[in-house]
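Below you'll find the structure, written out as structure tokens, and then a few comments.
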Amino acid sequence: MSDIGKLLVVVGPSGVGKGTVISQALEQDPTIWLSVSGTGREPRPGEVNGTDYVFVSRDEFSEMTQSGALLEWAEYAGNPYGTPRQPVQERLSAGQSVILEIDIAGARQVKANLPEAVLIFLAPPNVAELERRLRGRGTETEESVQRRLAIAQTELAAEPECDLVIVNDDVQVAAAQLIELAHR
């Protein structure tokens, strides 16, 4: 492993299995660290500060955006979310590889801030499989599935912007590829 860790930014359409693949990779290789996003919203029941998100006040979040303390940030459903810069840079400086699971807009911001970041597009084997996975969750209404599929088309179009593509047709294989990239 080099003196500086690798920053892996994992993006891909909703339903492709980003969380599943990343969880599997972290389980197999606990030397990799998953960055915890910050948010200016209140915790939901059961959410743990520092595990689910780093919860800060809206004023604190605003200060973080102004001071450059975030690698990327965006507003979603009326609430701000972002990646705190300091813990990521501390881990990288210590030689530890870091994974960010964010959307393509956030990935573009990270790449602008840290050009050495490796953008990894997690792709479905095909669109029909992506739809099957979304429907298989059993948590989405038909309207929600259709909305997610429409968004997925935009997300799939971002694939060429990424440095590497991992096709998630087997979670174990995709996780192993992610681990390999963390140590390359």
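The values are calculated or read from the model by the stated rules, or taken from the named source; none is laboratory data. From a predicted model like this one, the values you see are computed outputs, not experimental measurements. Cβ atoms come from the backbone with ideal geometry, glycine included; neighbour counts cover every protein chain shown.
Give me the pairs: first residue in the range 93-110 and acidic (Asp, Glu), second residue surrounded by fewer than 21 Cβ atoms within 10 Å (Cβ to Cβ), beta-carbon distance under 7 Å, and six or more apart or on different chains, which are they?
So the pair list comes out as GLU101/LYS18; GLU101/GLY19.
List every residue pair whose Cβ atoms lie under 8 Å apart, where the two residues are 6 or more positions apart in sequence or sit on different chains, the first residue falls within the range 17-32 and is touching a residue at least 12 places away in the same chain (Cβ under 8 Å) and on the phi < 0 side of the Ramachandran plot, and the second residue, located anywhere, is surrounded by fewer than 20 Cβ atoms within 10 Å (Cβ to Cβ) and in a loop (DSSP other than H, G, I, E, B).
The qualifying pairs are THR31/GLN96; ILE32/GLN96.
Can TYR81 be described as touching a residue at least 40 places away in the same chain (Cβ under 8 Å), buried (at least 18 other Cβ atoms within 10 Å of the Cβ) and over 21 Å from VAL118 (Cβ atoms)?
Working: touching a residue at least 40 places away in the same chain (Cβ under 8 Å): yes; buried (at least 18 other Cβ atoms within 10 Å of the Cβ): yes; over 21 Å from VAL118 (Cβ atoms): yes.
Considered against the rule, which asks whether it is touching a residue at least 40 places away in the same chain (Cβ under 8 Å), buried (at least 18 other Cβ atoms within 10 Å of the Cβ) and over 21 Å from VAL118 (Cβ atoms), TYR81 comes out as yes.
Filter the range 113-164 down to the residues that are within 19 Å of LEU7 (Cβ to Cβ), touching an Asp or Glu at 6+ places or on another chain (Cβ under 6 Å) and of a type outside the set (Phe, Trp, Tyr) and list them by number.
The answer is VAL118, LEU119.
Would you confirm whether or not the range 163-172 contains a residue that is within 13 Å of GLY17 (Cα to Cα) and in a helix (DSSP H, G or I)? If you could, list the steps in order and put the result at the bottom.
The initial filter retains those residues of the range 163-172 that are within 13 Å of GLY17 (Cα to Cα), namely 166-172.
Right, trim to in a helix (DSSP H, G or I) and you get 171-172.
Scanning the range 163-172 turns up at least one residue that is within 13 Å of GLY17 (Cα to Cα) and in a helix (DSSP H, G or I).
Yes or no, residue by residue, for (1) β-branched (Val, Ile, Thr); (2) out of contact with any Asp or Glu (no Cβ under 6 Å at 6 or more places or on another chain); (3) at pLDDT below 95:
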| site | (1), (2), (3) |
| --- | --- |
| GLY15 | no, yes, yes |
| VAL21 | yes, yes, no |
| GLN28 | no, yes, no |
| THR31 | yes, yes, no |
| ARG58 | no, yes, no |
| ALA94 | no, yes, no |
| ILE102 | yes, yes, yes |
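For residues in the range 5-62 being in a loop (DSSP other than H, G, I, E, B) and among the acidic types (Asp, Glu), which is surrounded by the most Cβ atoms within 10 Å (Cβ to Cβ)?
Of everything passing the filter in the range 5-62, ASP29 is surrounded by the most Cβ atoms within 10 Å (Cβ to Cβ).
For the range 150-184, what are the residues that are over 24 Å from LEU26 (Cα atoms), touching a Ser or Thr at 6+ places or on another chain (Cβ under 9 Å) and either without any contact (Cβ under 8 Å) to a residue 60 or more places away in the chain or among the β-branched types (Val, Ile, Thr) (or both)? Before you say what the answer is, go through the steps one by one.
In the first step, residues of the range 150-184 are kept if they are over 24 Å from LEU26 (Cα atoms); the result is 150-158, 160-161.
Restricting the remaining residues to those that are touching a Ser or Thr at 6+ places or on another chain (Cβ under 9 Å) gives 151-152, 155.
ILE151 - this is the single residue of the range 150-184 that is over 24 Å from LEU26 (Cα atoms), touching a Ser or Thr at 6+ places or on another chain (Cβ under 9 Å) and either without any contact (Cβ under 8 Å) to a residue 60 or more places away in the chain or among the β-branched types (Val, Ile, Thr) (or both).
Name the pairs: first residue in the range 131-146 and in contact (Cβ under 8 Å) with a residue 24 or more places away in the chain and part of a helix (DSSP H, G or I), second residue among the β-branched types (Val, Ile, Thr) and surrounded by 12 or more Cβ atoms within 10 Å (Cβ to Cβ), Cβ to Cβ under 7 Å, at least 6 apart or on different chains?
Matching pairs, first to second residue: LEU134/VAL145.
Kindly indicate whether any position in the range 62-77 is out of contact with any helix residue (DSSP H, G or I) (no Cβ under 9 Å at 6 or more places or on another chain), over 26 Å from ARG184 (Cβ atoms), among the charged types (D, E, K, R) and in contact (Cβ under 8 Å) with a residue 12 or more places away in the chain.
Taking the range 62-77 first, the residues out of contact with any helix residue (DSSP H, G or I) (no Cβ under 9 Å at 6 or more places or on another chain) are 62-63, 65-67, 75-77.
If we keep only those that are over 26 Å from ARG184 (Cβ atoms) too, we end up with 62-63, 65-67, 75-77.
When the remaining residues are screened for being among the charged types (D, E, K, R), the result is 63, 75.
Filter once more, keeping what is in contact (Cβ under 8 Å) with a residue 12 or more places away in the chain: none.
Checking the range 62-77: not a single residue is out of contact with any helix residue (DSSP H, G or I) (no Cβ under 9 Å at 6 or more places or on another chain), over 26 Å from ARG184 (Cβ atoms), among the charged types (D, E, K, R) and in contact (Cβ under 8 Å) with a residue 12 or more places away in the chain.
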